[in-house]
Structure formats: structure tokens, C-alpha cells
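Engineer: Could you have a look at this structure, given as C-alpha cells, before my questions?
Values quoted throughout were computed directly from the atomic coordinates according to the rules given, and no laboratory measurement underlies them. Predicted model, so just to flag it, every value in this text is computed and none were measured. A quick note on method: Cβ atoms are made from the backbone with ideal geometry, for glycine too, and the neighbour counts reach across all protein chains shown.
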Ligand code: C5P
């Protein structure tokens, strides 16, 4: 992005909210541009929530982490792109054929709806996995430190535009994949906010310096007494 505007870099996760509450919340945060709609909100509110958020002038990251056979991945990504979601998650483990089909269908879906093509983001290894469990439960012997870049490479080769990653993985992935490959990082904790259930966190400015292109921030903003002030403080950290 040529001109740096911190509001473009922060995506606020609309988690744990009823649909009306999510819409009200998003409308109430001054200067908010990007929101993340996850499985919980989507399952409750349906695809209409994407249209309603867009009508409020917001840009939508649709985080449904698609993982299926190529035809189903393509169908889901085509529909998600036509809804106007601008960032859409898919699992890298779906494999190159499904990733390529998803990417092509997203471009097609957006085009048919008269919209810009979205960026698909690959999820590599969910941060809830530990190496021993991957080995014990799924017989995956590759270490997470090798697996994350390998799956990022698989995704990039299939034409996927970016990855979701831990901020601690951002610098290694950025070295492997220069801009405009997107690196979207959750696990962000601004100064003075509770870590909560996140184990490995980074501050917003540090995460951008490590190579993240956008940050997902949930509770530090959504649970703040004054969400507009919390959002403004995150923006200030990015330019400070
Ligand atoms: O409230 P908090 O800032 O922890 O929210 C982070 C958001 O990012 C949540 O929507 C969470 O599901 C998501 N996320 C995450 N860690 C990952 C992947 C996604 O926290 N590895």
C-alpha cells in the first residue's frame, strides 16, 4: 500500500456477538474499515451479514477456513467472492488442486458480481496444534517449523494470495514470500491489554515490522469499555 493508513491494517474480529450486536458494534467503532466474520457469526447470521456489513461501508474478511474437495472449495469460494468478501480463508491442507480451483473460482465469482477479486488466505497449521499431537493423532512427523513454510509454499505455488500466520512466523514467511503476498496475523495484543487465552502474542507495531500486512484483533477492541478508543490506540501504536 503506497500511503500508510493504520486503519487499513487492522481487522477487528466480530466474535461472540449475536448478528444485530455485531452490526451495531461495527457501526459504532470510529474509523473502522475491516471486520472479520468467523464461523460462529456466519452460522448464526448467514451470508446476509456480509452484505449488511458492506452496506455499512466495511470491508469483510470471511474466515470460514474452507477444506474440502476441489469442486466444493471452488463453489464455496465462488459464492464467498460474489458476496463481496475481500479476504477468504482456505486450508492449505486441501492440496494444490483444490487451492487452484478455489483461486480460479474466487476470481470468476467476483468478476461475475462486478467486484474486484478477493485475496484467498491459506491457513497452514492451526496454532491450537502441538507437534506431539500432530504426530500422535495424525501421524504427521514433520515439525511445525518446517510444515508452516512448506504449506505456505504449496499455497503460493497454487496461486493463493497470502497466509494467515502467527506473528511469530511472520518474519520467516515474509523472507520466503515478498509483498504483495498477504500475511494476516491474529494473536496481537496492544499495550496494556489482557493476553487471555492467546499463548504467543506480539504487539501491533512489532507484528507489522515482522512482515505482517494486516493484523486481526478481537477482544482487545471488542471487549474494551470504549471500543473506538481501543481501536484508535491500536492505530496510534502503528504510527507511533
Ligand atoms: O480476541 P483475539 O484478538 O484473541 O481474536 C483473534 C481472532 O483471530 C479470533 O477470531 C481467533 O479465532 C482468530 N485466530 C487466532 N489464532 C489463530 C487463528 C485465528 O486467534 N491462529
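Engineer: For a test of the definition: using alpha carbon positions, the gyration tensor, and the 1.5 limit on a/c, classify segment 10-93 as rounded, prolate or oblate.
Structural biologist: On the way: a/c = 2.03, a/b = 1.90, b/c = 1.06.
Prolate, because a/c is 1.5 or more and a/b exceeds b/c.
Engineer: Could you calculate the contour length gain from residue 172 to residue 225, that is, 0.36 nm times the residue separation minus the distance between their Cα atoms, to one decimal place in nm? Walk me through the numbers on the way to the answer.
Structural biologist: Values: separation 53, 0.36 × 53 = 19.08 nm, distance 3.57 nm.
15.5 nm is the gain from fully extending residue 172 to residue 225.
Engineer: Taking 4 °C and 1.567 mPa s as the conditions, I'd like the Stokes-Einstein D for the chain in µm²/s, using the Kirkwood hydrodynamic radius from alpha carbon pairs. Don't skip to the answer; put the middle values down first.
Structural biologist: Details: Rh = 18.1 Å.
Value of D from the Cα-based Kirkwood radius: 72 µm²/s.
Engineer: Taking R0 as 30 Å, what's the FRET efficiency between residue 111 and residue 24 from their Cβ-Cβ distance, rounded to 0.05? Provide the component values of the computation, followed by the final result.
Structural biologist: On the way: r = 33 Å, r/R0 = 1.10.
The value I calculate is 0.35.
Engineer: Mark the label point 7 Å from the Cα of residue 104 along Cα→Cβ and return the residues of segment 55-71 whose backbone N is within less than 11 Å of it.
Structural biologist: Under 11 Å, as judged by backbone N against the label point of residue 104, lie 71 of segment 55-71.
Engineer: Follow-up question, since we're still on this one. Using a 7 Å offset from the Cα along the Cα-to-Cβ direction at both residue 126 and residue 150, what is the distance between the two label points in nm, to one decimal?
Structural biologist: Here the answer is 2.0 nm between the modelled labels.
Engineer: Kindly provide the helix-only [θ] at 222 nm of the chain, computed as the sum of -39,500 (n - 2.57) over DSSP H runs of four or more divided by all residues, to the nearest 500 deg cm²/dmol? Spell out each step's value before the answer.
Structural biologist: Numbers: 12 runs with 112 residues, N = 240.
My calculation for the chain gives -13500 deg cm²/dmol from helical runs alone.
Engineer: I would also like to ask the following. Taking the alpha-carbon centroid of each part, what is the distance from segment 29-55 to segment 167-190 in angstrom?
Structural biologist: Measuring centre to centre over Cα atoms gives 24 Å.
Engineer: Under 8 Å for C-alpha pairs, at least 6 residues apart: give me the relative contact order for the chain, rounded to a whole percent. It would help to have the intermediate numbers written out before the result.
Structural biologist: Values: 444 pairs, mean separation 43.8, N = 240.
Contact order relative to length: 18 percent.
Engineer: Next question. How would segment 77-216 be classified by its alpha-carbon gyration tensor: rounded, prolate or oblate, with rounded meaning a/c under 1.5 and the a/b versus b/c comparison settling the rest? Write down the numbers at each step before the final one.
Structural biologist: On the way: a/c = 1.92, a/b = 1.29, b/c = 1.49.
It comes out oblate by the Cα gyration axes.
Engineer: Over the chain, with a Gaussian network built from C-alpha contacts below 10 Å, which listed residue (156, 194, 210) shows the highest mean-square fluctuation?
Structural biologist: Of the options given, 194 has the highest mean-square fluctuation.
Engineer: A further question follows. May I ask you to derive the FRET efficiency for residue 8 and residue 137 from their Cβ-Cβ distance with R0 = 25 Å, giving the value to the nearest 0.05?
Structural biologist: Details: r = 39 Å, r/R0 = 1.55.
That pair, residue 8 with residue 137, gives E of 0.05.
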